[in-house]
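Engineer: The structure's right below; bear with me while I get my questions together.
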Amino acid sequence: MRPSGRQIPLEKLPRIDFDFAAFTKWRDRKKSLVVEIGCGVGFHPIAWAKENPTQQILAIERTTEKFLKFTGRLKNHRELKNIWSAHADAAVILPQLITSPEVSEYFFLYPNPEPKAANRRLGRSPLLRFIFSTLAPGGRLSVATNIESYAKELLSSAEQMGFANCEMAALAPTATPRSHFEKKYLSRGETCWNLQIYR
Ligand SMILES: C[S@@+](CC[C@H](N)C(=O)[O-])C[C@H]1O[C@@H](n2cnc3c(N)ncnc32)[C@H](O)[C@@H]1O
């Protein structure tokens, strides 16, 4: 299924500093590809890469300070060959890298809530359409948020785009945190919502 509506205009995307040739060489098409958007300082994708040695993960972060902490941390994990980092806006880099329904899972843990800019929120953005159009059959989008209304808006957008196979559940307060933000919210006693939207 290719969701209709506002798409990312490929010809208008800005140029980015990314070694496309090296990425293509790294990418093993026999292995499934997972993409993490907004990985922050990289706690989750590094743990994921350790736990899933037979798959590959591309981890994207647009904020320079966080990206540098992430790549600094990656230097302590040179043994991990199944993780690739990208310093970019996912909406800019992904359409230049992913052209077919080949992503087995997208993670977006604690996206910026953008309370005043509805069009920039994931549920309203062309990025969401792009994510759905590049999910492999049986693939899923996993999103976490501490804002229940944000989670519901995203579910409603997914359903409007024809993705009705969705699950929304609160993490157990005692869950082991997967990322820095999850650790912060759980330690404050906030509810962390986990959404899974299947293709
Ligand atoms: C609230 S932080 C969460 C970081 C991390 N996922 C965690 O849970 O600790 C959201 C991060 O997503 C990044 N981000 C948001 N939208 C992005 C996009 N379109 N492309 C790349 N990074 C993005 C922000 O720069 C920020 O670092």
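The values are calculated or read from the model by the stated rules, or taken from the named source; none is laboratory data. Remember, predicted model here, so these are calculated numbers, not experimental data. A quick note on method: Cβ atoms are made from the backbone with ideal geometry, for glycine too, and the neighbour counts reach across all protein chains shown.
Engineer: I'd like to know if the range 150-163 contains one or more residues that are touching an Asp or Glu at 6+ places or on another chain (Cβ under 6 Å) and crowded, with 20+ Cβ neighbours inside 10 Å.
Structural biologist: No: the range 150-163 contains no residue that is touching an Asp or Glu at 6+ places or on another chain (Cβ under 6 Å) and crowded, with 20+ Cβ neighbours inside 10 Å.
Engineer: Still on this structure: When you scan the range 65-88, how many residues do you find that are within 14 Å of the ligand (Cβ to nearest atom) and acidic (Asp, Glu)?
Structural biologist: Residues that pass the stated criteria total 1.
Engineer: Report the residue count in the range 95-124 for those that are closer than 28 Å to GLU148 by Cα, buried (at least 16 other Cβ atoms within 10 Å of the Cβ) and in contact (Cβ under 8 Å) with a residue 60 or more places away in the chain.
Structural biologist: Qualifying residue count for the region: 9.
Engineer: A further question follows. State all residues of the range 74-88 that are part of a loop (DSSP other than H, G, I, E, B) and either of a type in the set (Val, Ile, Thr) or touching a residue at least 60 places away in the same chain (Cβ under 8 Å) (or both); if no residue qualifies, say none.
Structural biologist: ALA88
Engineer: If you check ALA90, ALA136, which single one turns out to be of a type in the set (Gly, Ala, Ser), within 15 Å of the chain's Cα centre (by Cα) and crowded, with 21+ Cβ neighbours inside 10 Å?
Structural biologist: ALA90
Engineer: For the range 32-48, state whether one or more residues are within 22 Å of PRO101 (Cβ to Cβ), of a type outside the set (S, T, N, Q), more than 16 Å from the ligand (Cβ to nearest atom) and at pLDDT 95 or above.
Structural biologist: So far as the range 32-48 goes, yes, one or more of its residues are within 22 Å of PRO101 (Cβ to Cβ), of a type outside the set (S, T, N, Q), more than 16 Å from the ligand (Cβ to nearest atom) and at pLDDT 95 or above.
Engineer: Enumerate the helices (runs of 4 or more DSSP H) found wholly within the range 89-188, keeping only those where 1 or more residues are within 10 Å of the ligand (Cβ to nearest atom) and at pLDDT 95 or above.
Structural biologist: Once the helices (runs of 4 or more DSSP H) in the range 89-188 are filtered for at least 1 residues that are within 10 Å of the ligand (Cβ to nearest atom) and at pLDDT 95 or above, what remains is 90-97, 180-187.
Engineer: I'd like the full set of residues that are within 16 Å of the ligand (Cβ to nearest atom) and buried (at least 17 other Cβ atoms within 10 Å of the Cβ), limited to the range 189-199.
Structural biologist: Within the range 189-199, CYS192, TRP193, ASN194, LEU195 meet the criteria.
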